[in-house]
Structures are given as C-alpha cells and as structure tokens.
Amino acid sequence: MIRKLLRKVFTRVATPVRTDPALIPVDLHGIRSEQLSPAARKTCAVLQENGHKAYVVGGAVRDLLIGHPPKDYDVATSATPEQVRALFRRSRIIGRRFKIVHVMSGPETIEVSTFRASQDAETDEHGRVLHDNVYGSQEEDASRRDFTVNALYYDPGTETIIDYHHGVADVRQKTLRIIGDPRTRYREDPVRMLRAVRLGAKLGLSIDPAARAPIREMAVLLENVPAARLFDEMLKLLFSGYAVKCLTQLREEGLHHGLLPLLDVILEQPMGERFVWLSLENTDERVRQDKSVSPGFLFATLLWHEVLKAWEVRKSAGVANQPALFEAMDEVLDTQARKLAITRRIVGDIKDIWALQPRFDKRAGKTPYRLIEQPRYRAGWDFLRLRAQSGEIPMEIPDWWNNFAHAGHDQRENLLRAAPQTADAPAKKRRRKRRKPAAADGEAAMADSSAE
Ligand code: ATP
Ligand code: MG
C-alpha cells in the first residue's frame with residue numbers, strides 16, 4: 001500500500017495532465033506547518049475556518065521542498081478577493097494585472113489570490129494573455145501555473161501537499177517542467193522563459209528539454225512584453241543571488257538579445273565584461289549574505305561602459321568633460337528606456353553615481369572636502385573602486401579617496417599636496433583646438449557655454 005503510494009507520488013506517468021491530484025502526506029514530503037511563517041499559517045486558518053479552501057502555493061512550497069528558505073508566501077483560495085478582504089482588517093485589494101489581496105500580519109504581507117481559470121482569456125495577436133481574471137476551480141488554477149514545481153498546494157491544517165502535475169516528483173528529479181505545451185505557454189506569457197532560466201539557476205533545477213528547446217526561437221516574443229513587467233522580472237533575476245549564473249544561462253539560451261537592448265552589447269564587449277561580471281559577483285555575494293543591494297548601483301555598472309563610449313565620442317567632438325558626460329548618460333538611459341522601464345527613482349540613483357565619477361579626478365582645493373560630504377559619496381566611491389578593480393583606472397585613485405575620507409585635517413592637507421593632479425587639462429586643450437570647425441553644431445555650443 002505504502003509502496004504503491006510512493007510509486008504514485010515519485011514517478012511520473014506518461015500522461016502529463018491528471019485530474020485526480022496526489023495527496024501527499026507529511027511523512028513523504030517532510031514539510032511541517034511550523035516551518036511556514038506565522039502569517040501564512042494564520043491566513044490559511046482564517047480562510048478555512050470561514051468555509052473556504054486555502055493553501056500555501058507556489059514558490060514557498062517549492063522552496064521548502066528543496067530546502068531553501070522561502071522569500072515570501074502566496075496563498076491560493078476559493079474565496080473571492082472581496083470575501084478575503086472582508087475577513088482581514090489589515091488587507092487591501094490590489095488590482096494591477098490580476099486582482100489579488102494583500103493580507104498584512106505583523107511585518108509580513110501574504111499575497112492571496114482566488115483560484116483562477118485560464119479559459120477564454122483575452123490574448124493579443126501573438127497569443128499573449130492580456131487578462132485572466134476569471135475564477136475557476138483549484139484544478140484549473142493548478143493548470144494555469146507555469147511549472148509543475150510551482151503548482152503544489154500545501155494545507156497547513158493537515159500538512160498535506162496536493163499535487164496535480166507531479167511537481168513533487170519533479171523536485172526530486174531536479175527538473176523544471178512546464179505545465180502543458182511549452183510553446184503555447186510561452187506564447188501566452190513570454191516572461192515564463194525568463195522565469196525558467198531564473199528558477200533553474202536559483203534552485204539548481206535543470207530545464208526539461210521540451211521546455212528548453214523552443215526558447216531560442218521564441219525569445220523575440222519578449223519584445224511584446226510591457227517594459228515595466230520586464231523590468232520587474234529583470235530585478236528579480238539580478239537580485240536572485242544567482243545573477244551570474246542566470247545571465248550566463250540567458251546568454252546560452254539566446255535570451256539576452258531580446259531583453260535589455262544593451263545586455264547583448266554589455267555581455268559581448270570585452271572591456272565592459274570584466275566590470276559587469278565583477279559587479280554581478282559582488283551583488284550575488286551581498287544577496288546571499290542578506291546585505292542590502294541597490295538597483296541603481298547595479299544598473300549604473302551594467303550600463304557604464306556604454307556611457308564611457310558615448311562620453312568619449314562627445315569629448316573627441318570637442319564637448320567639455322562634464323556636459324559630454326551628461327549627454328552620454330541621457331543617451332544611454334534613453335536607449336535603455338525604450339525596452340526596460342527603469343523607474344524614475346532608480347534612474348536618479350544611476351545618474352547620481354555616474355555624475356560623481358569625474359569629480360573623483362579633482363584632488364585639489366576644496367572640491368574633495370565637498371565631495372566626501374555628498375550623500376551619495378559612498379555609492380560613488382564603491383563604483384570608483386569597482387572601476388579600479390576591473391582595470392579601468394589605477395587602484396591608487398580609490399585608495400587615495402579612502403585615505404582622504406578617513407583622515408584628520410592635517411593628514412588631508414598632506415594627501416592633497418601629494419595627489420597627482422589629473423584635472424581635465426587634455427579635454428580643455430582639445431576644446432580650444434576644435435572650437436572653430438565645431439562651432440556650428442549644438443554640441444560645440446554646449447562646450448562653449450560650459451564653465452568647468
Ligand atoms: P519567487 O517568489 O522565488 O521568485 P515564485 O514562483 O514564487 O518564485 P511568484 O512571482 O511569487 O514566483 O509567483 C507565485 C506563483 O504564481 C508561482 O509559483 C506560479 O505558480 C505562479 N506564477 C507566477 N508567474 C507566473 C506566470 N508568468 N505564469 C504562470 N504562473 C505564474
Ligand atoms: Mg513567490
């Protein structure tokens with residue numbers, strides 16, 4: 001009897017879709033309800049006490065099975081969003097892409113969604129689902145999820161897992177398998193291709209060959225995904241703690257071309273590569289150590305070598321150092337914005353970090369004193385050090401600034417006297433020489449009016 005049950009749970013049968021779910025008891029999967037967050041348990045309990053079905057679902061169940069601490073908890077329920085809202089005082093309905101309820105409990109927020117059916121969903125001309133807010137049965141809800149390992153329902157009351165698509169078997173076999181026909185599922189939502197790469201890299205699962213095969217040819221579909229959604233997914237990927245692995249894999253799957261318009265350039269230019277890779281390694285390490293990470297800083301590094309290139313072009317056209325940098329920054333960010341909606345706040349952070357860079361060249365007079373008082377000095381200095389680590393500038397520069405920032409007044413004066421003077425003399429010389437022929441165009445006008 002037990003052997004039969006084990007076989008049923010851990011072996012995959014030929015038919016991919018089943019209607020009778022496997023009910024897997026705790027001694028077979030090992031997840032105890034105490035392992036869940038108190039808020040997740042409470043949310044399910046309140047819903048169940050009020051006559052609704054309610055389960056922890058998705059990433060948290062998958063992560064607990066694999067032995068990763070869950071990042072957050074999702075609950076799936078038979079209750080409508082309005083019914084959920086009525087049961088929890090601290091809750092609100094969020095109506096962006098799908099209608100879901102955020103239930104707040106202590107410091108946690110649990111995302112509660114009503115079982116959803118995917119039939120009759122409205123699609124665009126490429127087959128991409130636009131809205132799927134039609135409520136359905138639990139079985140339908142399971143079928144519209146992306147991967148088998150993401151379609152597991154855990155009942156904290158009975159500690160049972162309800163498994164419609166052999167997800168537990170796939171976790172055991174370390175396979176990321178898509179539910180249904182991969183091409184159809186990617187067409188419905190091309191972001192699933194990115195999710196496959198991210199979840200595979202993060203969880204050490206290999207993407208099932210049937211799900212992997214169509215990715216290369218379908219990568220172009222990412223172009224139809226709204227920029228804001230792509231940006232969200234990109235953030236998840238870059239801050240997963242496995243960014244290096246994810247981006248390596250994205251490149252292998254040919255997904256990076258459709259993604260960040262500049263990511264292909266970034267990953268393929270030798271000069272920028274070391275810099276980007278160093279920064280991603282740092283980010284991964286910080287995420288895994290639970291240290292804070294800044295999207296602005298990371299995007300500033302991802303795009304820096306593009307800025308350097310555009311900056312150089314302008315400087316050789318006679319534009320003065322600082323305005324040339326600002327124009328280059330805008331050009332790079334504009335190109336990027338067409339595909340990826342980097343939020344305004346993050347754009348502000350990126351610009352702050354870039355704009356500080358030429359100021360580190362000026363190691364004379366009062367300027368250094370002002371620079372170290374800047375609120376963004378630390379981020380700017382971290383960035384400077386990364387530039388040195390990647391070989392772009394001598395390590396002597398960030399070292400000097402570090403000494404300066406931590407020194408007393410007399411030591412600072414000594415450091416200033418000893419500092420090599422690298423102020424932008426060459427740029428000024430070039431500007432004077434080119435003044436005449438370039439005066440007709442707008443860039444030269446900028447150069448003329450700029451007082452540095
Ligand atoms: P993580 O939170 O670790 O990034 P996750 O799988 O929990 O991974 P969420 O974005 O939190 O990702 O989604 C929760 C669940 O919703 C998923 O486990 C999956 O069942 C379902 N889901 C999310 N995105 C999609 C999608 N694009 N298509 C189908 N189902 C999805
Ligand atoms: Mg999640």
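The values are calculated or read from the model by the stated rules, or taken from the named source; none is laboratory data. Note that this is a predicted model, so its numbers are computed, not measured. Counting neighbours? That spans all protein chains shown, and the Cβs are built from the backbone with ideal geometry, glycine included. Accessible surface areas use protein heavy atoms only, side chains included; no ligands, DNA or RNA. Shrake-Rupley method; radii C 1.70, N 1.55, O 1.52, S 1.80 Å.
Some observations on this one:
- Tabulated pairs, the range 338-353, first more than 14 Å from GLY380 (Cβ to Cβ), second outside any helix (DSSP H, G or I) and open to solvent by 40 Å² or more (accessible area, probe 1.4 Å), C-beta under 6 angstrom, 6+ apart or interchain: LYS339/PRO261
- Taken as a whole, the condition of being within 14 Å of ligand 1 (Cβ to nearest atom) and under 20 Å from TYR73 (Cα atoms) applies to ALA196.
- All told, ALA219 falls short of being within 19 Å of GLY59 (Cα to Cα) and open to solvent by less than 20 Å² (accessible area, probe 1.4 Å).
- Looking across the range 150-187 at every residue that is assigned to a helix (DSSP H, G or I) and under 21 Å from the mean Cα position of the chain (by Cα), the one that is farthest from ligand 1 (Cβ to nearest atom) is identified as TYR186.
- Matching residues, the range 90-117, being among the small types (Gly, Ala, Ser) and touching an Asp or Glu at 6+ places or on another chain (Cβ under 8 Å): SER113, ALA117
- Within the range 190-211, considering residues that are within 16 Å of ligand 2 (Cβ to nearest atom) and farther than 16 Å from THR248 by Cβ, the one least open to solvent (accessible area, probe 1.4 Å): VAL191
- Matching residues, the range 288-328, being over 30 Å from LEU203 (Cβ atoms) and of a type in the set (Asp, Glu): GLU306, GLU312, GLU327
- When the test is whether a residue is within 28 Å of LEU278 (Cβ to Cβ) and either in contact (Cβ under 8 Å) with a residue 12 or more places away in the chain or in a loop (DSSP other than H, G, I, E, B) (or both), VAL244 passes it.
- Wholly within the range 35-106, helices (runs of 4 or more DSSP H) carrying at least 1 residues that are touching a residue at least 24 places away in the same chain (Cβ under 8 Å) and away from ligand 2 (no atom under 16 Å from the Cβ): 38-49, 81-87
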